[in-house]
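Taking it in order: structure first as structure tokens, then the write-up.
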Amino acid sequence: MLKKALGAFTDHPKSNSMSYLQHFAFAISTSVLLIWTGVVGIIHAIFPFLFKTDTTDTIRYLNSEIRRR
């Protein structure tokens with residue numbers, strides 16, 4: 001029972017060659033970056049002269065990070 005419950009937390013990270021804490025840190029940091037990128041995108045939509053390439057740059061960065069894993 002306990003092993004099955006722990007597996008719910010560790011199976012996915014292991015399948016991506018990460019520990020639970022590594023996966024946690026990656027997921028949290030990626031999520032925060034995506035939220036921030038969304039805010040920047042909204043600001044850019046209102047003021048097109050601000051953050052001209054930030055959203056695209058961040059998406060490219062995240063894409064390379066995810067593919068690298």
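Is there a residue being more than 15 Å from the chain's Cα centre (by Cα), of a type in the set (S, T, N, Q) and exposed (fewer than 12 other Cβ atoms within 10 Å of the Cβ) anywhere in the stretch 23-37?
The answer is no, given that none of the residues of the stretch 23-37 is more than 15 Å from the chain's Cα centre (by Cα), of a type in the set (S, T, N, Q) and exposed (fewer than 12 other Cβ atoms within 10 Å of the Cβ).
For Ile43, are the conditions met, namely being surrounded by fewer than 12 Cβ atoms within 10 Å (Cβ to Cβ), out of contact with any helix residue (DSSP H, G or I) (no Cβ under 7 Å at 6 or more places or on another chain) and part of a helix (DSSP H, G or I)? Before the answer, list the steps.
Details: surrounded by fewer than 12 Cβ atoms within 10 Å (Cβ to Cβ): no; out of contact with any helix residue (DSSP H, G or I) (no Cβ under 7 Å at 6 or more places or on another chain): yes; part of a helix (DSSP H, G or I): yes.
No, not satisfied.
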Candidate set from the stretch 1-22 (those that are open to solvent by 100 Å² or more (accessible area, probe 1.4 Å) and not in a helix (DSSP H, G or I)); member that is nearest to Glu65 (Cα to Cα): Ser17
Pairs, first free of Cβ contacts under 8 Å to residues at least 40 places away in the same chain in the stretch 1-17, second part of a helix (DSSP H, G or I), C-beta under 7 Å, six or more apart: Phe9/Tyr20; Thr10/Tyr20; Pro13/Tyr20; Pro13/Gln22; Pro13/His23
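The values are calculated or read from the model by the stated rules, or taken from the named source; none is laboratory data. All figures in this text were calculated on a predicted structure; none of them were measured in a lab. Don't worry about glycine lacking a Cβ; one is built from the backbone with ideal geometry, like all the others, and counts go over all protein chains shown. When the accessible area is computed, the model is the full protein with side chains, heavy atoms only, and any ligands, DNA or RNA have been set aside. Shrake-Rupley method; radii C 1.70, N 1.55, O 1.52, S 1.80 Å.
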